[in-house]
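Encoded as structure tokens, the structure appears first; notes follow it.
No value in this document is a laboratory result; all are computed from the given coordinates. Note that the structure is predicted; figures quoted are calculated from it, not measured. Cβ sites come from the backbone with ideal geometry, for glycine too, and all protein chains shown count toward neighbours.
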Amino acid sequence: MRVLLTGGAGYIGSHTALVLIERGHEVIVLDDFSNSSREAVRRISELSGVDVPVIELDLSDREAAQRALAEVDFDAVIHLAGLKAVGESVEQPTRYYRVNLDSTIALLDIMRERGITKFVFSSSATVYGDPIYVPIDEAHPAGVDLASPYGWSKFMNERIVHGAQTAWPELEAVVLRYFNPVGAHPSGRIGEDPSGIPNNLMPFITQVAVGKRERLSVFGDGYNTPDGTGVRDYIHVLDLAEGHVAALERIAPGVETYNLGSGIGSSVLDVVRAFEQASGQAIPYAVMPARAGDVAVLQADPGRANAELDWRTTRSLEEACRDSWNWQSQNPAGYHA
Ligand code: UDP
């Protein structure tokens, strides 16, 4: 297929681009580069040996999107572009709603005008809120008391996809609810490159390891978990990327929703230990108060994706730590070397 990959220069997008190309698909990267780098696309081309076309565009500008895509030939859209900083979304709710909703709406309208029916949407386990049971399957209630406009924007986008499909039954859509992506391509050429102080655990740890930050703050050790720190389901970004390709290749009319996770829960201290083992670097840390909005445990039941997409994770947390460290140590300043 010829796949329009929005957010294709970002962390998940760049790995997804590579896996799509490996599987014989053509990729057109669409990105506004507000939180990503052209260098990432250059490296996708370098690793794949394919010259990847790029459209620089803010998708929430509907007229600009219509103009820019008018002449572009594609069969499917994987929509990853969006704002994703949870804390920032609390400070700038209207910006998060506008950008994240307008871009999905513009894309779906353009697809319908053009008769392009295949749509994969990047959602998040954050739509489950504070879970009432774990591991979380897709039947778990979603969109109840979410802690941030970011989370709500993901949930509202899911509703928009469902609404669009009801009105346009030819639409073939998949909603992918990601758990916690970590790791990098084993070459060390592409990886996660957050701007400013990382919000997420793994890039914070790798920046401590490379000497950019003094110590990790562990956000709370009083949760009801085996060691008191938060438990998450970490998934290697290449496993996640393969999940997108599996979903695209099995897409059918309707909207299907899948959890993409490993099914394994790891605490903050488990991740610190796994990283120390994999990298040989000590990670000093201090326990700090819990972060607002965080929940004790988020762990996937990935059974539906395993069964229906014939997909499962194959890479361990240790491999993810090794690959994250390989990326960060080769690129201490990310793409901005
Ligand atoms: N965390 C932490 N210190 C950090 C960043 C995260 O202790 O600097 C914890 C956080 O409280 C959660 C886990 O690590 O339990 C994963 O957080 P992250 O922000 O990576 O992902 P989230 O699950 O919040 O989307």
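With all pairs of different C-alpha atoms in the average, the Kirkwood value for the hydrodynamic radius of the chain is 20.1 Å.
Comparing TYR97, TYR133, TYR234 in a Gaussian network model of the chain where C-alpha atoms under 10 Å apart are linked, the largest mean-square fluctuation is found at TYR133.
Assuming R0 = 25 Å, what is the FRET efficiency of ARG2 and GLN330, from their Cβ-Cβ distance, to the nearest 0.05? FRET efficiency, ARG2 to GLN330: 0.20. Against the empirical 2.2 N^0.38 Å (N residues), region 236-306 has a Cα radius of gyration ratio of 1.50.
Counting neighbouring Cβ atoms within 10 Å and putting the fewest first, the residues PHE121, PHE275 line up as PHE121, PHE275. Normalised by 2.2 N^0.38 Å, with N the number of residues, the alpha-carbon radius of gyration of region 184-283 equals 1.28. Need one word for region 79-130: rounded, prolate or oblate. Basis is the Cα gyration tensor (sqrt eigenvalues a ≥ b ≥ c); a/c below 1.5 gives rounded, then a/b vs b/c decides. Oblate. Packing-based ranking of 65-71, 21-27, 125-131 yields 125-131, 21-27, 65-71, ordered from highest to lowest mean Cβ neighbour count within 10 Å. For region 161-210, the convex hull drawn through the C-alpha positions has a volume of 142 cubic angstrom per residue. A crude spin-label estimate for the pair ILE105 and GLU46, with each label 7 Å from Cα along the Cβ direction, gives 4.0 nm. Under 5 Å between amide hydrogens, built in the peptide plane, is the criterion, and for VAL27 it picks out VAL3 among residues at least 5 positions away or on other chains.
Helices meeting the span-like rule in the chain (full DSSP H runs, Cα extent of at least 15 Å along the helix axis, mean Kyte-Doolittle score of -1.0 or higher): 11-22, 38-48, 93-114, 149-167, 237-249, 268-279. With a cut-off of 15 Å between beta carbons, the residues surrounding ALA76 carry a summed charge of -1, where Lys and Arg count +1 and Asp and Glu -1. As an equivalent ellipsoid, region 57-167 spans semi-axes of 27, 17, 10 angstrom, where each value is the square root of five times an eigenvalue of the C-alpha gyration tensor, largest first.
With a Förster radius of 51 Å applied to the beta-carbon distance between ILE197 and ALA307, the computed FRET efficiency rounds to 0.80.
Compared with the alpha-carbon gap, the fully stretched path from ASP137 to VAL210 is longer by 22.6 nm at 0.36 nm per residue. Considering only alpha-carbon pairs that sit under 8 angstrom and 6 or more positions apart, the relative contact order computed for the chain is 20 percent.
About its Cα centre, region 291-337 has a charge dipole of approximately 120 debye under the convention of +1 per Lys or Arg Cβ and -1 per Asp or Glu Cβ, with nothing else charged. Our note on the geometry: Cα centres of region 303-330 and region 41-57, 23 Å apart. For region 1-135, the spread of Cα coordinates along the three principal axes comes to 44, 33, 27 Å, biggest extent given first. By the count of other C-beta atoms within 10 Å, a proxy for reagent exposure, SER34, SER123 are ordered fewest to most as SER34, SER123. Oblate is the label for region 38-91. Its Cα gyration tensor axes, ordered a ≥ b ≥ c, give a/c of at least 1.5 and b/c at or above a/b.
Remark on region 107-207: ratio of C-alpha radius of gyration to 2.2 N^0.38 Å is 1.32. Around GLY222, under 14 Å between beta carbons, what's the net of Lys plus Arg minus Asp minus Glu among the other residues? Around GLY222, the charge tally is -2. Ordering 72-78, 173-179, 109-115, 295-301 by mean Cβ neighbour count within 10 Å, with the highest value first, yields 173-179, 295-301, 72-78, 109-115.
Relative to the current alpha-carbon distance between ALA292 and THR94, full extension at 0.36 nm per residue lengthens the span by 69.3 nm. Here each label is just a point 7 Å from Cα along the line to Cβ, and for VAL72 and ALA252 those points are 3.0 nm apart. Here the simple spin-label model places points 7 Å from the Cα toward Cβ, and for TRP168 and ASP130 these points are separated by 3.9 nm.
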